[in-house]
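The structure appears below as C-alpha coordinates.
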Amino acid sequence: MTADTMRLTIRRPDDWHLHFRDGAMMEAVVPYTARQFARAIVMPNLKPPVTTVEAARAYRERIIAAVPAGMDFTPLMTCYLTDNIAADEVARGFEEGVWVAAKLYPAGATTNSDSGVTDVANLYPVLQRMEAIGMPLCVHGEVTHSDVDIFDREARFIDEVLIPLLAHFPDLKIIFEHITTKDAADFVMAAPANVAATITPQHLVLNRNALFEGGLRPHAYCLPVVKREEHRRAVRRAATSGSPKFFLGTDSAPHARDAKESDCGCAGIFNAPFALEVYATVFEEDGVLDRLEGFASVHGPAFYDMPLNEGTVTLEKAPVDVPAELSAGGDVIVPFRAGEMLSWRFV
Ligand code: DOR
Ligand code: ZN
(Lines give C-alpha, C1' and ligand atoms only; values in the text may rest on other atoms or scores of the structure.)
(Ligands and ions follow the chains in the order given, each with its own letter.)
Protein backbone atom coordinates (compact mmCIF):
# COMPACT_ATOMS: atom_id res chain seq x y z
CA MET A 1 0.00 0.00 0.00
CA THR A 2 1.48 3.32 -1.05
CA ALA A 3 0.20 6.84 -0.61
CA ASP A 4 -1.14 7.17 -4.14
CA THR A 5 -2.46 3.65 -4.73
CA MET A 6 -4.26 2.35 -1.68
CA ARG A 7 -5.62 -1.11 -2.33
CA LEU A 8 -7.95 -3.28 -0.34
CA THR A 9 -8.06 -7.02 -0.96
CA ILE A 10 -10.71 -9.12 0.73
CA ARG A 11 -12.05 -12.63 0.45
CA ARG A 12 -14.55 -12.81 -2.39
CA PRO A 13 -17.92 -11.56 -1.12
CA ASP A 14 -21.51 -12.75 -1.62
CA ASP A 15 -24.75 -10.85 -2.02
CA TRP A 16 -27.31 -12.30 0.38
CA HIS A 17 -30.37 -10.63 -1.21
CA LEU A 18 -31.10 -9.42 -4.71
CA HIS A 19 -33.47 -9.44 -7.67
CA PHE A 20 -32.42 -10.67 -11.10
CA ARG A 21 -35.86 -10.67 -12.81
CA ASP A 22 -36.07 -12.93 -15.87
CA GLY A 23 -35.64 -12.90 -19.65
CA ALA A 24 -33.63 -10.15 -21.32
CA MET A 25 -33.46 -8.01 -18.16
CA MET A 26 -32.02 -10.92 -16.18
CA GLU A 27 -29.47 -11.66 -18.88
CA ALA A 28 -28.37 -8.03 -18.80
CA VAL A 29 -28.01 -7.68 -15.01
CA VAL A 30 -26.49 -11.04 -13.99
CA PRO A 31 -22.98 -10.09 -15.24
CA TYR A 32 -22.83 -7.06 -12.92
CA THR A 33 -23.39 -9.25 -9.88
CA ALA A 34 -21.20 -12.12 -11.10
CA ARG A 35 -18.33 -9.71 -11.53
CA GLN A 36 -18.27 -8.76 -7.83
CA PHE A 37 -19.90 -11.62 -5.98
CA ALA A 38 -19.32 -15.38 -5.88
CA ARG A 39 -22.88 -16.20 -4.84
CA ALA A 40 -26.17 -14.40 -4.44
CA ILE A 41 -29.49 -15.16 -2.81
CA VAL A 42 -31.97 -14.68 -5.66
CA MET A 43 -35.41 -13.39 -4.76
CA PRO A 44 -38.38 -15.34 -6.12
CA ASN A 45 -40.81 -12.47 -6.79
CA LEU A 46 -41.10 -13.11 -10.52
CA LYS A 47 -44.37 -12.97 -12.42
CA PRO A 48 -45.58 -15.63 -11.63
CA PRO A 49 -43.60 -16.13 -8.40
CA VAL A 50 -41.26 -19.07 -7.91
CA THR A 51 -43.40 -21.37 -5.78
CA THR A 52 -42.36 -24.82 -7.01
CA VAL A 53 -39.12 -26.78 -6.99
CA GLU A 54 -39.35 -27.22 -10.75
CA ALA A 55 -39.76 -23.48 -11.39
CA ALA A 56 -36.76 -22.71 -9.18
CA ARG A 57 -34.63 -25.35 -10.88
CA ALA A 58 -35.48 -23.95 -14.33
CA TYR A 59 -34.92 -20.34 -13.20
CA ARG A 60 -31.54 -21.32 -11.78
CA GLU A 61 -30.56 -22.85 -15.12
CA ARG A 62 -31.55 -19.65 -16.96
CA ILE A 63 -29.43 -17.58 -14.57
CA ILE A 64 -26.42 -19.88 -14.91
CA ALA A 65 -26.74 -19.64 -18.70
CA ALA A 66 -26.50 -15.83 -18.38
CA VAL A 67 -23.19 -15.89 -16.45
CA PRO A 68 -20.46 -14.73 -18.84
CA ALA A 69 -17.85 -17.32 -19.81
CA GLY A 70 -14.92 -17.35 -17.41
CA MET A 71 -16.88 -15.90 -14.48
CA ASP A 72 -17.51 -18.09 -11.50
CA PHE A 73 -20.91 -17.39 -9.96
CA THR A 74 -23.49 -19.50 -8.15
CA PRO A 75 -27.10 -18.37 -7.78
CA LEU A 76 -28.72 -19.47 -4.51
CA MET A 77 -32.43 -19.86 -5.08
CA THR A 78 -35.36 -19.10 -2.78
CA CYS A 79 -38.94 -20.27 -2.53
CA TYR A 80 -41.80 -17.74 -2.56
CA LEU A 81 -44.15 -18.54 0.32
CA THR A 82 -47.88 -18.27 -0.22
CA ASP A 83 -50.85 -18.84 2.09
CA ASN A 84 -51.30 -22.37 0.83
CA ILE A 85 -47.88 -23.61 -0.23
CA ALA A 86 -47.27 -27.20 0.88
CA ALA A 87 -44.66 -27.85 3.58
CA ASP A 88 -43.57 -30.94 1.62
CA GLU A 89 -42.75 -28.88 -1.47
CA VAL A 90 -40.78 -26.32 0.54
CA ALA A 91 -38.80 -29.04 2.33
CA ARG A 92 -38.22 -31.07 -0.84
CA GLY A 93 -36.61 -28.13 -2.63
CA PHE A 94 -34.30 -27.59 0.32
CA GLU A 95 -33.41 -31.25 0.67
CA GLU A 96 -32.73 -31.56 -3.08
CA GLY A 97 -30.44 -28.53 -2.92
CA VAL A 98 -32.56 -26.48 -5.31
CA TRP A 99 -33.34 -23.63 -2.95
CA VAL A 100 -31.51 -22.60 0.19
CA ALA A 101 -34.18 -20.50 1.92
CA ALA A 102 -37.81 -19.40 1.65
CA LYS A 103 -39.02 -15.83 1.38
CA LEU A 104 -41.89 -14.37 3.34
CA TYR A 105 -43.55 -11.46 1.56
CA PRO A 106 -46.50 -10.05 3.43
CA ALA A 107 -49.19 -9.77 0.72
CA GLY A 108 -49.12 -6.32 -0.84
CA ALA A 109 -45.89 -5.21 0.86
CA THR A 110 -43.86 -4.63 -2.30
CA THR A 111 -43.20 -5.46 -5.98
CA ASN A 112 -44.93 -8.72 -7.02
CA SER A 113 -46.05 -9.58 -3.52
CA ASP A 114 -49.74 -10.03 -4.40
CA SER A 115 -49.44 -13.79 -3.94
CA GLY A 116 -47.66 -13.31 -0.61
CA VAL A 117 -48.85 -14.26 2.82
CA THR A 118 -51.99 -12.64 4.23
CA ASP A 119 -51.54 -14.02 7.75
CA VAL A 120 -48.38 -15.64 9.06
CA ALA A 121 -50.55 -18.10 10.99
CA ASN A 122 -51.31 -19.68 7.61
CA LEU A 123 -47.63 -20.58 7.36
CA TYR A 124 -47.24 -22.34 10.69
CA PRO A 125 -47.06 -25.88 9.26
CA VAL A 126 -44.43 -24.71 6.76
CA LEU A 127 -42.42 -22.81 9.36
CA GLN A 128 -42.50 -25.75 11.74
CA ARG A 129 -41.01 -27.92 9.03
CA MET A 130 -38.40 -25.31 8.12
CA GLU A 131 -37.38 -24.99 11.75
CA ALA A 132 -37.01 -28.77 12.01
CA ILE A 133 -34.79 -29.10 8.92
CA GLY A 134 -32.76 -25.92 9.55
CA MET A 135 -34.06 -24.08 6.48
CA PRO A 136 -33.69 -20.29 6.78
CA LEU A 137 -36.59 -17.86 6.41
CA CYS A 138 -35.90 -14.57 4.62
CA VAL A 139 -38.38 -11.93 5.71
CA HIS A 140 -39.65 -8.75 4.12
CA GLY A 141 -40.40 -7.11 7.45
CA GLU A 142 -43.22 -4.64 6.94
CA VAL A 143 -46.84 -4.67 7.97
CA THR A 144 -49.18 -3.58 5.21
CA HIS A 145 -52.28 -2.13 6.89
CA SER A 146 -53.26 1.10 5.21
CA ASP A 147 -53.69 2.78 8.59
CA VAL A 148 -50.01 2.30 9.48
CA ASP A 149 -47.72 5.08 8.30
CA ILE A 150 -45.32 3.76 5.68
CA PHE A 151 -42.33 4.96 7.70
CA ASP A 152 -43.52 2.92 10.70
CA ARG A 153 -44.23 -0.34 8.92
CA GLU A 154 -40.95 -2.02 9.73
CA ALA A 155 -41.02 -1.16 13.42
CA ARG A 156 -44.64 -2.36 13.69
CA PHE A 157 -43.70 -5.64 11.99
CA ILE A 158 -41.27 -6.43 14.79
CA ASP A 159 -43.95 -6.24 17.47
CA GLU A 160 -46.85 -7.63 15.50
CA VAL A 161 -45.21 -10.43 13.53
CA LEU A 162 -41.57 -11.12 14.34
CA ILE A 163 -41.72 -11.38 18.11
CA PRO A 164 -44.73 -13.74 18.08
CA LEU A 165 -43.10 -15.74 15.27
CA LEU A 166 -39.92 -16.24 17.25
CA ALA A 167 -41.88 -17.14 20.35
CA HIS A 168 -43.58 -19.88 18.34
CA PHE A 169 -40.48 -21.07 16.47
CA PRO A 170 -37.52 -20.22 18.68
CA ASP A 171 -35.01 -22.20 16.58
CA LEU A 172 -36.12 -20.96 13.15
CA LYS A 173 -33.30 -19.20 11.32
CA ILE A 174 -34.59 -15.79 10.33
CA ILE A 175 -32.98 -13.17 8.12
CA PHE A 176 -34.63 -9.79 8.60
CA GLU A 177 -33.98 -8.48 5.10
CA HIS A 178 -32.86 -4.97 4.15
CA ILE A 179 -33.33 -3.41 7.60
CA THR A 180 -33.91 0.33 7.63
CA THR A 181 -34.61 1.36 11.22
CA LYS A 182 -32.94 1.65 14.60
CA ASP A 183 -35.77 -0.54 15.86
CA ALA A 184 -34.75 -3.36 13.54
CA ALA A 185 -31.03 -2.95 14.20
CA ASP A 186 -31.59 -3.02 17.97
CA PHE A 187 -33.96 -5.95 17.71
CA VAL A 188 -31.54 -8.08 15.70
CA MET A 189 -28.58 -7.15 17.86
CA ALA A 190 -30.44 -8.30 20.98
CA ALA A 191 -32.03 -11.40 19.40
CA PRO A 192 -30.61 -14.91 19.70
CA ALA A 193 -27.96 -16.14 17.24
CA ASN A 194 -30.56 -17.60 14.83
CA VAL A 195 -31.71 -14.08 13.87
CA ALA A 196 -29.65 -11.97 11.47
CA ALA A 197 -30.17 -9.09 9.04
CA THR A 198 -29.03 -7.94 5.64
CA ILE A 199 -28.25 -4.30 4.89
CA THR A 200 -28.32 -2.54 1.50
CA PRO A 201 -25.96 0.16 0.23
CA GLN A 202 -28.78 2.70 -0.10
CA HIS A 203 -29.93 2.36 3.49
CA LEU A 204 -26.38 3.13 4.65
CA VAL A 205 -26.16 6.25 2.52
CA LEU A 206 -29.60 7.81 2.11
CA ASN A 207 -32.08 9.23 4.54
CA ARG A 208 -35.63 10.10 3.56
CA ASN A 209 -34.69 13.58 2.40
CA ALA A 210 -33.24 11.83 -0.65
CA LEU A 211 -36.79 11.17 -1.85
CA PHE A 212 -37.51 14.88 -2.13
CA GLU A 213 -34.15 16.50 -2.82
CA GLY A 214 -35.01 19.41 -5.12
CA GLY A 215 -38.07 17.53 -6.35
CA LEU A 216 -39.52 14.03 -6.39
CA ARG A 217 -36.75 11.46 -6.79
CA PRO A 218 -38.05 8.12 -8.06
CA HIS A 219 -34.57 6.57 -8.19
CA ALA A 220 -34.24 6.89 -4.41
CA TYR A 221 -37.48 4.98 -3.92
CA CYS A 222 -37.27 1.43 -2.70
CA LEU A 223 -39.09 -0.66 -0.11
CA PRO A 224 -38.73 -0.55 2.77
CA VAL A 225 -38.55 3.16 2.07
CA VAL A 226 -35.50 5.08 3.32
CA LYS A 227 -36.02 6.51 6.80
CA ARG A 228 -35.02 9.42 9.04
CA GLU A 229 -31.34 10.24 9.57
CA GLU A 230 -31.28 8.72 13.07
CA HIS A 231 -32.33 5.40 11.55
CA ARG A 232 -29.73 5.57 8.80
CA ARG A 233 -27.09 6.13 11.44
CA ALA A 234 -28.27 3.22 13.56
CA VAL A 235 -28.34 0.86 10.56
CA ARG A 236 -24.88 2.05 9.64
CA ARG A 237 -23.58 1.42 13.17
CA ALA A 238 -24.96 -2.12 12.95
CA ALA A 239 -23.34 -2.80 9.57
CA THR A 240 -19.95 -1.49 10.64
CA SER A 241 -20.09 -2.92 14.19
CA GLY A 242 -18.36 -6.16 13.29
CA SER A 243 -21.30 -8.13 14.69
CA PRO A 244 -21.79 -11.40 12.76
CA LYS A 245 -25.54 -10.77 12.79
CA PHE A 246 -25.30 -8.21 9.99
CA PHE A 247 -24.21 -8.92 6.47
CA LEU A 248 -24.28 -7.69 2.91
CA GLY A 249 -27.48 -7.90 0.88
CA THR A 250 -27.80 -5.31 -1.86
CA ASP A 251 -31.50 -5.74 -2.68
CA SER A 252 -30.42 -4.69 -6.16
CA ALA A 253 -33.78 -4.38 -7.93
CA PRO A 254 -33.68 -3.33 -11.58
CA HIS A 255 -36.65 -1.55 -13.11
CA ALA A 256 -36.71 0.13 -16.51
CA ARG A 257 -36.33 3.89 -16.34
CA ASP A 258 -39.86 4.51 -17.59
CA ALA A 259 -41.30 2.19 -14.94
CA LYS A 260 -39.63 4.26 -12.22
CA GLU A 261 -40.24 7.68 -13.75
CA SER A 262 -43.98 7.27 -13.90
CA ASP A 263 -47.12 8.46 -12.12
CA CYS A 264 -46.89 5.20 -10.19
CA GLY A 265 -43.18 4.52 -10.06
CA CYS A 266 -41.86 1.07 -9.11
CA ALA A 267 -39.95 0.49 -5.88
CA GLY A 268 -36.39 -0.68 -6.30
CA ILE A 269 -32.83 0.56 -6.66
CA PHE A 270 -30.42 -1.04 -9.11
CA ASN A 271 -27.13 -1.01 -7.23
CA ALA A 272 -25.40 -4.16 -8.52
CA PRO A 273 -22.85 -2.44 -10.82
CA PHE A 274 -21.09 -0.52 -8.01
CA ALA A 275 -22.28 -2.21 -4.85
CA LEU A 276 -18.92 -3.04 -3.32
CA GLU A 277 -17.58 0.42 -4.09
CA VAL A 278 -20.41 2.02 -2.09
CA TYR A 279 -20.02 -0.35 0.85
CA ALA A 280 -16.25 0.26 0.89
CA THR A 281 -16.82 4.01 0.99
CA VAL A 282 -19.13 3.63 4.01
CA PHE A 283 -16.70 1.44 5.94
CA GLU A 284 -13.82 3.77 5.09
CA GLU A 285 -15.77 6.87 6.17
CA ASP A 286 -16.51 5.19 9.48
CA GLY A 287 -12.87 4.21 9.96
CA VAL A 288 -13.47 0.46 9.91
CA LEU A 289 -12.33 -0.75 6.49
CA ASP A 290 -10.89 -3.75 8.30
CA ARG A 291 -14.47 -4.85 9.06
CA LEU A 292 -15.68 -4.81 5.46
CA GLU A 293 -14.53 -8.37 4.84
CA GLY A 294 -16.55 -9.74 7.75
CA PHE A 295 -19.68 -7.96 6.59
CA ALA A 296 -19.25 -8.79 2.91
CA SER A 297 -17.60 -12.20 2.91
CA VAL A 298 -17.75 -13.98 6.27
CA HIS A 299 -20.90 -13.30 8.33
CA GLY A 300 -23.32 -14.35 5.59
CA PRO A 301 -21.86 -17.78 4.83
CA ALA A 302 -21.42 -18.41 8.55
CA PHE A 303 -25.12 -17.72 9.16
CA TYR A 304 -26.25 -19.79 6.17
CA ASP A 305 -23.82 -22.62 7.12
CA MET A 306 -21.97 -22.43 3.84
CA PRO A 307 -18.24 -22.50 3.14
CA LEU A 308 -16.37 -19.22 2.77
CA ASN A 309 -15.39 -18.39 -0.79
CA GLU A 310 -11.91 -19.09 -2.01
CA GLY A 311 -10.22 -16.30 -3.89
CA THR A 312 -10.20 -12.56 -3.35
CA VAL A 313 -11.36 -9.30 -4.89
CA THR A 314 -9.44 -6.04 -4.86
CA LEU A 315 -10.64 -2.48 -4.62
CA GLU A 316 -8.40 0.47 -5.36
CA LYS A 317 -8.74 3.96 -3.94
CA ALA A 318 -9.33 5.70 -7.25
CA PRO A 319 -12.17 7.70 -8.76
CA VAL A 320 -14.80 5.94 -10.82
CA ASP A 321 -17.68 7.57 -12.66
CA VAL A 322 -21.08 5.94 -12.41
CA PRO A 323 -22.84 6.18 -15.78
CA ALA A 324 -26.07 8.19 -15.97
CA GLU A 325 -27.80 5.12 -17.35
CA LEU A 326 -27.14 1.59 -18.52
CA SER A 327 -28.83 -0.32 -21.29
CA ALA A 328 -30.29 -3.64 -20.28
CA GLY A 329 -32.01 -6.00 -22.66
CA GLY A 330 -33.77 -3.29 -24.65
CA ASP A 331 -34.52 -1.21 -21.55
CA VAL A 332 -32.64 1.61 -19.89
CA ILE A 333 -31.85 1.38 -16.17
CA VAL A 334 -30.63 4.23 -13.99
CA PRO A 335 -28.12 2.76 -11.52
CA PHE A 336 -27.69 3.82 -7.90
CA ARG A 337 -25.39 6.86 -7.71
CA ALA A 338 -25.95 7.60 -11.43
CA GLY A 339 -23.78 10.44 -12.69
CA GLU A 340 -21.73 10.60 -9.48
CA MET A 341 -18.09 9.88 -8.81
CA LEU A 342 -17.20 7.14 -6.34
CA SER A 343 -13.84 6.95 -4.61
CA TRP A 344 -13.22 3.21 -4.74
CA ARG A 345 -12.74 1.24 -7.92
CA PHE A 346 -13.23 -2.48 -8.37
CA VAL A 347 -10.04 -3.83 -9.93
O1 DOR B 1 -37.57 -1.77 -3.45
C2 DOR B 1 -37.85 -2.96 -3.56
N3 DOR B 1 -37.85 -3.55 -4.77
N4 DOR B 1 -38.18 -3.66 -2.47
C5 DOR B 1 -38.65 -4.90 -2.55
O6 DOR B 1 -38.96 -5.46 -1.54
C7 DOR B 1 -38.83 -5.57 -3.87
C8 DOR B 1 -37.98 -4.97 -4.89
C9 DOR B 1 -38.37 -5.33 -6.31
O10 DOR B 1 -38.64 -6.51 -6.56
O11 DOR B 1 -38.36 -4.45 -7.16
ZN1 ZN C 1 -35.62 -7.37 -2.22
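As a summary of the residue check, P323 satisfies the conditions (1) in contact with a Pro (Cβ under 9 Å, 6 or more places away or on another chain); (2) within 24 Å of A234 (Cβ to Cβ) except for the one numbered (2). Can we say A87 is surrounded by 21 or more Cβ atoms within 10 Å (Cβ to Cβ) and touching a Pro at 6+ places or on another chain (Cβ under 9 Å)? No; evaluated as a whole, the condition is false for this residue. Just so you know, in the stretch 220-248 the residues that are open to solvent by less than 20 Å² (accessible area, probe 1.4 Å) and within 11 Å of ligand 1 (Cβ to nearest atom) include one that is nearest to T144 (Cα to Cα), and it is P224. Within the stretch 161-184, if we keep just the residues that are more than 16 Å from ligand 2 (Cβ to nearest atom) and of a type in the set (D, E, K, R), the residue that is least open to solvent (accessible area, probe 1.4 Å) turns out to be K173. Where residues in the stretch 135-149 are more than 15 Å from ligand 2 (Cβ to nearest atom) and either out of contact with any strand residue (DSSP E or B) (no Cβ under 9 Å at 6 or more places or on another chain) or outside any loop (DSSP other than H, G, I, E, B) (or both), which of them is least open to solvent (accessible area, probe 1.4 Å)? Ranking the candidates gives V148 first.
Of all residue pairs spaced 6 or more apart or on separate chains, none has beta-carbon atoms under 9 Å together with a first member in the stretch 28-45 that is without any contact (Cβ under 8 Å) to a residue 12 or more places away in the chain and a second member that is away from ligand 2 (no atom under 16 Å from the Cβ).
Just one of (1) assigned to a loop (DSSP other than H, G, I, E, B); (2) more than 16 Å from ligand 1 (Cβ to nearest atom); (3) touching an Asp or Glu at 6+ places or on another chain (Cβ under 8 Å) fails for L46. It is (2).
Put simply, of F187, F247 the only residue that is aromatic (F, W, Y) and either within 16 Å of ligand 2 (Cβ to nearest atom) or touching an Asp or Glu at 6+ places or on another chain (Cβ under 9 Å) (or both) is F247.
Checking the structure you have, find out if any residue of the stretch 114-134 is closer than 26 Å to V235 by Cβ and surrounded by fewer than 23 Cβ atoms within 10 Å (Cβ to Cβ). Looking for residues that are closer than 26 Å to V235 by Cβ and surrounded by fewer than 23 Cβ atoms within 10 Å (Cβ to Cβ), one finds at least one in the stretch 114-134, hence yes. For the stretch 100-133, filtering for residues that are β-branched (V, I, T), within 12 Å of C79 (Cα to Cα) and out of contact with any Pro (no Cβ under 9 Å at 6 or more places or on another chain) leaves 1. Looking only at residues of the stretch 217-227 that are free of Cβ contacts under 8 Å to residues at least 60 places away in the same chain and under 15 Å from V334 (Cα atoms), we find that the one that is farthest from ligand 2 (Cβ to nearest atom) is R217.
Does K103 qualify as being open to solvent by less than 10 Å² (accessible area, probe 1.4 Å) and of a type in the set (K, R)? Here the answer is yes, as K103 does meet what is asked.
Of the helices (runs of 4 or more DSSP H) lying entirely inside the stretch 254-347, those containing at least 1 residues that are within 21 Å of A24 (Cβ to Cβ) and open to solvent by 20 Å² or more (accessible area, probe 1.4 Å) span 257-260.
The values are calculated or read from the model by the stated rules, or taken from the named source; none is laboratory data. Small disclaimer: the values here were computed from a predicted structure and weren't measured. In this analysis, Cβ positions are derived from the backbone assuming ideal geometry, glycine residues included, and neighbour counts consider all displayed protein chains. Surface areas here come from the heavy atoms of the whole protein model, side chains and all, with no ligands, DNA or RNA. Shrake-Rupley method; radii C 1.70, N 1.55, O 1.52, S 1.80 Å.
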